Amino acid sequence: MLLVPAMGLAQYKRKLLPLVFFLAGALWVTLRAGGVLNDALDPALEGQDLEVQGWVADLPQPTDRGVRFVFDVQSARLDENSVTIPRRIELSVYDRAMQVHAGEQWNLSVRLKRPHGFQNPGGFDYEAHLFQQRIRATGYVRADQAARRLAEPAASPWRYRLHHYRELIGARIKALLPSDPMAGMVTALANGDQRALDSSQWQVLRRTGTAHLVAISGMQVSLVAGVAFFLMRWLWALPGYTVLRLPAPQAGAMAAVVAGVGYAALAGFSIPTQRALIMLGVILAGTLLQRRIAPSFILAGALLLVLIYDPLSVMASGFWLSFLAVAAILYAVQGRKAGIGLGRWRQWTRIQWAVTLGLAPVLLLLFQQTSLSAPLANAIAIPVIDLVVVPATLLGVLSLGFAPDWAAPFLFKTAAVTLGWLWYILEALTQLPYSVWSQHSPLPWTLAPATVGMLLLLAPRGWPGRWFGALWLLPLFFVRPPLPATGEVQFTLLDVGQGLAAVVQTRHHALVYDTGPWFSSRFDAGRAVVAPYLRQAGVQRMDLLMVSHGDNDHLGGAASLREEIPANRVLSSVPERLPGASLCSAPEAWEWDGVRFTLIHPAQAGLHHNNSSCVLRIQSAYGSLLLPGDIEREAEALLVDRVGAGLQSDVLVAPHHGSKTSSTEDFVARTRPRIVLFPVGYRNRYHHPHPTVVERYNKVAQEMYDSPRQGAIEIHFGPSGITVSGYRNRHRRYWFSH
């Protein structure tokens, strides 16, 4: 309603145009986001057996336990009554005998829950990702209920049939390159499916800053469109060959649009390819209209159209990285003409330097890492990918069914072999010292001087004081987050679902207690949660890693965490499962920065694996903390007898996640915590914490917190006392449903 009078005022005073655009943008975002928020799962339907009917809406993603896929819902029923659930959901199937393919129509019995992801400083916001993808519920298919395939892909609407064709292309490539390690990358460039890339390949791509090369996005779409443009323009301009008196550049632009749309279709019109098509359309508009459009206007116009088309794009890191990369390139090459020979290579090198420098602040802000080998890696890889791999791959796709039988295998093998040669170079670059710069998350205010510094460093030749830009970058790298003072303790119980991972920091030391669960070969809490948290906090090395015992939900992330962040010392009750670890055995005590650490259990052998957990007590001048792992009644009784009153702690992480097998009345009475923390998963199948345990703590504790409601729980022991902060509440987002 405010927009109409604002537009009227803007007719008289053009200075009000920014206000009009601001109001229009705010209203448009509110409208689009409100529509997604309204498509929510009723909390009363969580955990209920629902019968749903709909279409498999994308390529199914194999997991270690089955398969996961996006499902577009047509109808849903509860006990024969129609109910309303979100239009798009994500489902997992744990029955390997059930074969699900893109484009199929199914009738399924499912259990759903509202979107919920880990919330930790430095970590990936899975709930935001689901929200941007318009996925408003997740769940699984009931294995004890008969699932029925209602229709084959051939009978599906075109948007689902498209994904079926993409799946067939991926299957053909896999069959033609059955044992080639590069088959996954060839598939990714052919149909946008990156599921076959393993974690080691992703690590190489991230460390060399080349992950964008295996995603069908702006660069690949522009490449294909550019080839189509110049080829069609050349053919159209052949002597004596004219059609409808259409100028050759316009014919080339039309061919470029068709080629770009076709390649985007191979990627299933993913959000990055949608952005790329919009930018391509803006670029080609000038050719079609026979007008010269300034590059800066093209960039601004594409940005505006992307935000109009999908204002929620700003929630994706790819949005910022793609537009900032283009902006950095345009700024760096302004006023420069491409030369020949050495001059052209100098400009190519400058472009790589501009992208690396231009993206460094946002990469450090988002991921606390930036690749220092990226300029060299991309300078080598981009020509190889653009000139050999992508053309061979696309020709291979086109030859499927339309060329001699030898053509597709030859072309795909050419792409794979070329990628193999390139891979040797990329792997070598990852071994270089300081290949990747990792550091704390920059403080927000340091981004402003960093922007000034980048503009100076990338300014045109002859601009005075360009190298002073390096001084403006210094706060970005050297201004650290505040550290605890001597005698203070910063404790963080990380949100890792049904598991445990915690970080204890003093002035100059960091201890990690447990590393959370291993979920799959692609995802575990060590790499996805603990390592990013340590990086954003400025911890480059763990002084001590203590793994309480051998259960997956405590030890699962240890291996990947140690790959990311080295540890000076490792203690565990299962040292045989952690290379280089020592056995934790009580009593052992040490002091860091005026804070005392005491290992109080286990003090004897022969205990059950839960009861053998390493138990650590931390004492500072401002309060005490007890980390008991998964000990149960037997170990609790031993501690009560041996330690007695020494168990009293201001903060207690509830043993065994609040299971009814732990937290006996004697143990609770001895510890007498003021604050109790429950590290549990959202709607976990064990129903932790148990109501009887909660009731016991409720009699002695002043405050109780759990991971699903708080996310990471940060507790500071300092002169002002013990302060508690939940990351989920402190960083509240409008798409949070609970």
For this session: Kindly indicate whether any position in segment 676-690 is in contact with a Leu (Cβ under 6 Å, 6 or more places away or on another chain), under 29 Å from SER612 (Cβ atoms) and not β-branched (Val, Ile, Thr).
Result: yes
Exercise. Taking segment 523-538 as the search range and keeping residues that are within 12 Å of the chain's Cα centre (by Cα) and more than 10 Å from VAL496 (Cβ to Cβ), which one is modelled with the lowest pLDDT?
Worked result: PHE523
For this session: Collect the residues in segment 398-412 that are open to solvent by 20 Å² or more (accessible area, probe 1.4 Å) and in a helix (DSSP H, G or I), keeping them in residue-number order.
Result: LEU398, PRO409, PHE410, LEU411
Problem set entry | Whichever residue in segment 196-205 is of a type in the set (A, V, I, L, M) and outside any helix (DSSP H, G or I) and, among such residues, is farthest from THR370 (Cα to Cα) | ALA196
Seminar exercise, completed: Flagged pairs (Cβ under 6 angstrom, 6 or more apart or on separate chains; first in segment 455-476, farther than 18 Å from TRP445 by Cβ; second open to solvent by 50 Å² or more (accessible area, probe 1.4 Å) and part of a loop (DSSP other than H, G, I, E, B)) are PRO460/GLY335
For this session: Being small (Gly, Ala, Ser), under 29 Å from GLY721 (Cβ atoms) and more than 41 Å from the chain's Cα centre (by Cα) is the filter here, so list the residues in segment 629-667 that pass it.
Result: GLY644, ALA645, GLY646
Exercise. In segment 142-154, how many are over 20 Å from SER92 (Cβ atoms) and open to solvent by 90 Å² or more (accessible area, probe 1.4 Å)?
Worked result: 1
Seminar exercise, completed: Condition set among the aromatic types (Phe, Trp, Tyr) and part of a helix (DSSP H, G or I), scope segment 415-462, selection farthest from GLN368 (Cα to Cα): answer is TRP421
For this session: For residues that are closer than 16 Å to VAL355 by Cα and among the polar types (S, T, N, Q), tally how many sit in segment 431-461.
Result: 1
Seminar exercise, completed: In the set HIS163, HIS129, the lone residue that is outside any strand (DSSP E or B) and farther than 30 Å from PRO679 by Cα is HIS163
Problem set entry | Of residues in segment 655-681 being within 24 Å of PHE736 (Cβ to Cβ) and either without any contact (Cβ under 8 Å) to a residue 24 or more places away in the chain or among the aliphatic types (A, V, I, L, M) (or both), the one surrounded by the fewest Cβ atoms within 10 Å (Cβ to Cβ) | ILE675
Problem set entry | Yes/no for ALA428 being touching a helix residue (DSSP H, G or I) at 6+ places or on another chain (Cβ under 6 Å) and not polar (S, T, N, Q) | no
For this session: Looking for whichever is open to solvent by less than 10 Å² (accessible area, probe 1.4 Å), modelled with pLDDT of 90 or more and among the aliphatic types (A, V, I, L, M) here; the options are ALA354, ALA459, ALA428, ALA450. Which one fits?
Result: ALA450
For this session: Considering (1) in contact with a Ser or Thr (Cβ under 8 Å, 6 or more places away or on another chain); (2) in contact (Cβ under 8 Å) with a residue 12 or more places away in the chain; (3) at negative phi; (4) not charged (D, E, K, R), say which one ALA559 fails and leave the rest.
Result: (1)
Exercise. Can you tell which of GLY139, GLY117 is open to solvent by less than 30 Å² (accessible area, probe 1.4 Å), under 21 Å from the mean Cα position of the chain (by Cα), within 24 Å of THR30 (Cα to Cα) and not aliphatic (A, V, I, L, M)?
Worked result: GLY117
Exercise. Within the set of pairs 6+ apart or on separate chains, which have a first residue in segment 248-274 that is more than 30 Å from LEU59 (Cβ to Cβ), a second that is aliphatic (A, V, I, L, M) and open to solvent by 10 Å² or more (accessible area, probe 1.4 Å), and C-beta atoms under 6 Å apart?
Worked result: ALA248/ALA237; GLN250/LEU288; ALA251/MET232; GLY252/MET232; ALA253/LEU284; ALA253/LEU288
Exercise. Can you name the residue in segment 413-425 that is aliphatic (A, V, I, L, M) and open to solvent by 30 Å² or more (accessible area, probe 1.4 Å) and is also nearest to GLY184 (Cα to Cα) among such residues?
Worked result: VAL417
Exercise. Can we say ALA24 is farther than 22 Å from GLU127 by Cβ, at pLDDT 80 or above and in a helix (DSSP H, G or I)?
Worked result: yes
Problem set entry | Residue in segment 317-330 that is modelled with pLDDT under 80 and either open to solvent by 60 Å² or more (accessible area, probe 1.4 Å) or farther than 29 Å from LEU130 by Cβ (or both) present | no
Problem set entry | Complete set of residues in segment 466-479 that are farther than 17 Å from GLN536 by Cα, in contact with a helix residue (DSSP H, G or I) (Cβ under 7 Å, 6 or more places away or on another chain) and open to solvent by less than 80 Å² (accessible area, probe 1.4 Å) | ARG466, GLY469, ALA470, LEU473
For this session: For segment 132-140, state whether one or more residues are modelled with pLDDT of 90 or more and assigned to a helix (DSSP H, G or I).
Result: yes
For this session: Could you please let me know if VAL496 is under 30 Å from ILE715 (Cα atoms) and in a loop (DSSP other than H, G, I, E, B)?
Result: yes
Problem set entry | Options VAL100, VAL83, VAL73, VAL36: the member that is open to solvent by less than 60 Å² (accessible area, probe 1.4 Å) and under 24 Å from LEU168 (Cβ atoms) | VAL100
Exercise. Does segment 174-195 contain any residue that is surrounded by fewer than 18 Cβ atoms within 10 Å (Cβ to Cβ), in a helix (DSSP H, G or I) and at pLDDT 90 or above?
Worked result: yes
Exercise. Do we find that LEU284 is surrounded by 20 or more Cβ atoms within 10 Å (Cβ to Cβ), touching a residue at least 24 places away in the same chain (Cβ under 8 Å) and out of contact with any Lys or Arg (no Cβ under 8 Å at 6 or more places or on another chain) in this structure?
Worked result: yes
Problem set entry | Criterion violated by VAL397 - all others in (1) under 28 Å from the mean Cα position of the chain (by Cα); (2) over 27 Å from GLY538 (Cα atoms) satisfied | (1)
Problem set entry | Subset of segment 506-520 (residues that are touching a Phe, Trp or Tyr at 6+ places or on another chain (Cβ under 8 Å) and part of a strand (DSSP E or B)) | LEU511
Seminar exercise, completed: Within segment 492-526, residues touching a strand residue (DSSP E or B) at 6+ places or on another chain (Cβ under 8 Å), open to solvent by 10 Å² or more (accessible area, probe 1.4 Å) and free of Cβ contacts under 8 Å to residues at least 60 places away in the same chain come out as GLN505, TRP518, ASP524
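The values are calculated or read from the model by the stated rules, or taken from the named source; none is laboratory data. Not measured: the values here are computed from a predicted model. Ideal geometry is used to build each Cβ from the backbone, glycine not excepted, and the neighbour counts take in all protein chains shown. Each accessible area value is taken on the protein alone, full model and side chains, heavy atoms only, with ligands, DNA and RNA left out. Shrake-Rupley method; radii C 1.70, N 1.55, O 1.52, S 1.80 Å.
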